[in-house]
Amino acid sequence: MTKNIKLPMFVASSSRISEMISSLRLLREEEWQSVYIDSNSMEEWIRYPLWDHHGPGPICLRRGNPSLEDILRCIEQSESDAEVSAAAYHLVNILDGGKENCAPLIERLESAFETVTTSRLMRNAALAIAWSQADRRFNYRSPLGKTPEQVEFDYEYFVAMANRASVIKTSAEAVLGLTISQKSTSFE
């Protein structure tokens, strides 16, 4: 009998990526990513860097094109810091919607905090805020063609969201007894 193994949505451990790549077939290389196929499951895997302000960062291997719900579930339920970090990065940098996706992330985490307070969820929440940068007070919407009042409204929207994200992260860190940042994730 074959054991049903749950595959991760995101693999960001360099050793695990190396192990997995050897069993995948390269379909094509694009500018900053490579697309593979798993010949057994026919699932597509995309290998790409998690960028920061200084250039390409750790490498990620993503299974298919996850939906917003898939990513939020991954952030909430994953047991891997690297997977949570890659999922949060993907949420705001790759998935359609960009920084607007912070709103459903924050809502999901606030809702989860009402019923679950495990240290794993607290760590995932803090990592997700750190990697999505949902706690940054910045207007991510274009000001083009808008009145000053509309630009101010957009700014206040993101400030309110950042404040909610900060509360989540601060609460999680208090429960954990440590500060979480992007550097808290090991990609080994």
Checklist entry - Using a Gaussian network for the chain with springs between C-alpha atoms less than 10 Å apart, which of these wobbles most: Glu173, Glu31, Glu83? => result Glu31
Next on the checklist: Can you tell me which aspartates and glutamates have their Cα less than 16 Å from the Cα of Lys99? Leave out same-chain residues fewer than eight positions away.
Outcome noted: Asp52, Glu69, Glu107, Asp135, Asp154, Glu156
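Go ahead and run the numbers for FRET between Val151 and Arg73, Cβ-Cβ distance against an R0 of 30 Å, rounding to 0.05. It would help to have the intermediate numbers written out before the result.
Values: r = 34 Å, r/R0 = 1.14.
After rounding, the FRET efficiency stands at 0.30.
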Checklist entry - Using a Förster distance of 35 Å, how high is the FRET efficiency between Glu107 and Leu27, based on the Cβ-Cβ distance and rounded to 0.05? => result 0.45
Checklist outcome for this item: Computed for the chain: size of charge dipole around the Cα centre, +1 on C-beta of each Lys and Arg, -1 on C-beta of each Asp and Glu, debye to nearest 20, value 340
Item to check | Helix axis angle, 102-115 relative to the chain longest principal axis, alpha carbon, degrees | outcome: 90
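What is the percent carbon and sulfur in the accessible area of the chain, measuring with a 1.4 Å probe over the protein chains and ignoring ligands?
Details: 5470 of 10440 Å².
Solvent-exposed carbon and sulfur of the chain make up 52 percent of the total.
Heavy-atom accessible area per residue, the chain, 1.4 Å probe: how many Å²?
Values: 10440 Å² over 188 residues.
Result: 56 Å² per residue.
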Checklist outcome for this item: dims of segment 23-93, Cα set, principal axes, largest to smallest, nearest Å -> 30, 29, 19
Checklist entry - Given Cα pairs under 8 Å that are at least 6 residues apart, what percent is the relative contact order of the chain? => result 20
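Calculated FRET efficiency, Val159 and Gln182, Cβ-Cβ r, R0 22 Å, to nearest 0.05? The partial results should precede the final answer.
Details: r = 22 Å, r/R0 = 0.98.
Efficiency computed from Cβ-Cβ geometry: 0.55.
The values are calculated or read from the model by the stated rules, or taken from the named source; none is laboratory data. None of these values were measured; they are calculated from a predicted model. Note: ideal-geometry Cβ built from the backbone for every residue, glycine included; neighbour counts use all protein chains shown. Please note that ligands, DNA and RNA were not included when accessible areas were found on the heavy atoms of the full protein model with its side chains. Shrake-Rupley method; radii C 1.70, N 1.55, O 1.52, S 1.80 Å.
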